[in-house]
Amino acid sequence: MKKFLFIVPVFLFSLLGFSQGIVFEQGTWKEVLVKAQQVDKPIFVELYTLSCDSCKQMAEQIFPLEAVGKVYNGNFICYQVDAEKSEGVDFAKLYGVKSYPTYLFFNPDGTIFCKASKAMSAKYLIGVSDQALAIMYDSKSMDVMEKEYAVKKDDPAFLKWYIWKRSNLGLSNAFLFDKYLKLIPEEERTSATVVNLYKEDGKFLRVNSFAFNNLQKYSSTFDQTLGAVNLLIFTCVKNTIGDAAESKNEKLFDMAMSVYNQLPQEGLPMKKDELFMLYYDETGETGKYLKHTARFCNKYLMKISNDTIEQRNKANVVMFDQMAKSGAFSSIKDANILTKLKEQAAHSESTKISNELNSLSNDVFESSFDKKMLKNALKWSERSLELSPDNVQLMETSANLLYKLGQKKEAIAKEEEALNKLPKVDSNRYKMEEVLVKMKAGEKTW
């Protein structure tokens, strides 16, 4: 009895060890092809010889590993061929195999699509699998993939590559990403595969998705492997606000803003008021849009000092020089163009802020009759002109605001100043001349 108890655990251990690694099919090549066609899976074939030390190394150390088995058993019908016996000799000749081990990848119909060789680590063998599958799925049309999806929609191995195919075509995979994560075990939801999916498809995610919840749940882990998790979370917030605005769904908007409020604000691409502006502009709620516009301009844009702007301008010049040294502009042969690009970099932050102030000032001009709001906008417009004094468009916005505030003389002077700076052949000249005539006649210009 004691002897029996000793033997059984060893036997079970052996079976478990084998089942965790690659499971190779028994039988002939024809039988393997039949099975591959029945289950619609590609085939992984290892060609080996008994005298090959590298083959023994793979058989004893790599193929039995659970991680390797999971990838290869999940994606392929696996088969081994002794290249020195029976059909193996012809197999090696047919596919030009001269070194061992060699790995061949076949479609279910028996056509080869990928080949690799030599002993390698588990990591590289898994990488070979990914490369082979990428080649296989890349050769399939989207129509074929969609038909396969109808049959294999609950197969995580297929879903991974279906998502990859769609990503390459720029298609959204938000629903499929959620589905994939739900199908795989919890411990795999931070894997390298999942990290890559976040890199490729994070731009499509929303805060009301399973993929987003997974990102939040394991944010500390993803910080190490994915990086810039807060920026990805911000992208999810912005996407959700777009959806909320389109459907005028305030609850969804509030959900997105709740997530935003939990983020550290430093380094995020947009301020809180900008997100409110984004939402209310799309929903057509002009009053609320202008309220947050005023807050954003007065509490942020108008408080950016000249010193700060100049520091950013200088930093942009340094970045330009670094890019030039790295060869980023090597295709530009005209030195004058490079000089102009560098000059633009030296004023890029000034231009950015002045254009933003001008755009928001013009929004107020077009949408509001409130004197206080118009006076606010005039201050923003004046600041924009301090940063970019020769910009004709900024002058025109200032003239329009002055006129709407009843300062007719000042408005006409500013409009004439803008016209004097405008080239005589400029396409905007006729429109500005028409506005000037209306101003002089005391007519409405908006």
Completion exercise
Considering residues that are touching a residue at least 40 places away in the same chain (Cβ under 8 Å), surrounded by 16 or more Cβ atoms within 10 Å (Cβ to Cβ) and acidic (Asp, Glu), the number found within segment 264-282 is 0
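Among the residues of segment 56-91, what is the count of those that are assigned to a helix (DSSP H, G or I), open to solvent by 10 Å² or more (accessible area, probe 1.4 Å) and not hydroxyl-bearing (Ser, Thr, Tyr)? Steps first, answer last, please.
From segment 56-91, those assigned to a helix (DSSP H, G or I) are 56-62, 66-75, 86-91; that's our starting set.
Restricting the remaining residues to those that are open to solvent by 10 Å² or more (accessible area, probe 1.4 Å) gives 56-57, 59-62, 66-67, 70-71, 73-75, 86-87, 89-91.
Now narrow it down to the ones that are not hydroxyl-bearing (Ser, Thr, Tyr): 56-57, 59-62, 66-67, 70-71, 73-75, 87, 89-91.
The total comes to 17.
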Problem - Total residues in segment 221-241, condition under 21 Å from Glu186 (Cα atoms), open to solvent by less than 10 Å² (accessible area, probe 1.4 Å) and not aliphatic (A, V, I, L, M) - result: 1
Practice task
Pairs only if they're at least six apart or on different chains, beta carbon under 9 angstrom, first in segment 161-180 and under 19 Å from Asn214 (Cα atoms) and among the β-branched types (Val, Ile, Thr), second in a helix (DSSP H, G or I) and open to solvent by less than 50 Å² (accessible area, probe 1.4 Å); list them, first residue then second.
Solution key: Ile163/Leu176; Ile163/Phe177; Ile163/Tyr180; Ile163/Leu197; Ile163/Asp201
Exercise for the section: Using the structure shown, decide if Leu12 is surrounded by fewer than 19 Cβ atoms within 10 Å (Cβ to Cβ), at pLDDT below 95 and farther than 30 Å from Ala192 by Cα. Expected result: yes
Exercise for the section: Please state which of the following conditions Lys35 fails to meet, knowing it meets all the rest: (1) modelled with pLDDT under 95; (2) surrounded by fewer than 18 Cβ atoms within 10 Å (Cβ to Cβ); (3) on the phi < 0 side of the Ramachandran plot. Expected result: (1)
Practice task
Pick out, from segment 131-217, the helices (runs of 4 or more DSSP H) lying fully within it that include 1 or more residues that are at pLDDT below 90, open to solvent by less than 30 Å² (accessible area, probe 1.4 Å) and over 30 Å from Glu246 (Cα atoms).
Solution key: 156-168
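In the set Pro108, Pro101, which member is within 27 Å of Lys140 (Cα to Cα) and open to solvent by less than 60 Å² (accessible area, probe 1.4 Å)?
On the way: Pro101 fails: within 27 Å of Lys140 (Cα to Cα).
Sole residue among the options that is within 27 Å of Lys140 (Cα to Cα) and open to solvent by less than 60 Å² (accessible area, probe 1.4 Å): Pro108.
Considering only residues of segment 78-129 that are without any contact (Cβ under 8 Å) to a residue 12 or more places away in the chain and of a type in the set (A, V, I, L, M, F, W, C), which is nearest to Val39 (Cα to Cα)? If you could, list the steps in order and put the result at the bottom.
Just the residues of segment 78-129 that are without any contact (Cβ under 8 Å) to a residue 12 or more places away in the chain, to begin with: 85-86, 89-90, 93-94, 96, 98, 111, 123-124, 127.
Remaining after also requiring of a type in the set (A, V, I, L, M, F, W, C): 89, 94.
On the way: Val89: 28, Leu94: 26 Å.
In this case the residue turns out to be Leu94.
The values are calculated or read from the model by the stated rules, or taken from the named source; none is laboratory data. Keep in mind it's a predicted model, so treat the numbers as computed, not measured. No Cβ is skipped: glycine too gets one built from the backbone with ideal geometry, and neighbour counts run over all protein chains shown. Accessible surface is based on the protein model in full, side chains and every heavy atom, while ligands, DNA and RNA are left aside. Shrake-Rupley method; radii C 1.70, N 1.55, O 1.52, S 1.80 Å.
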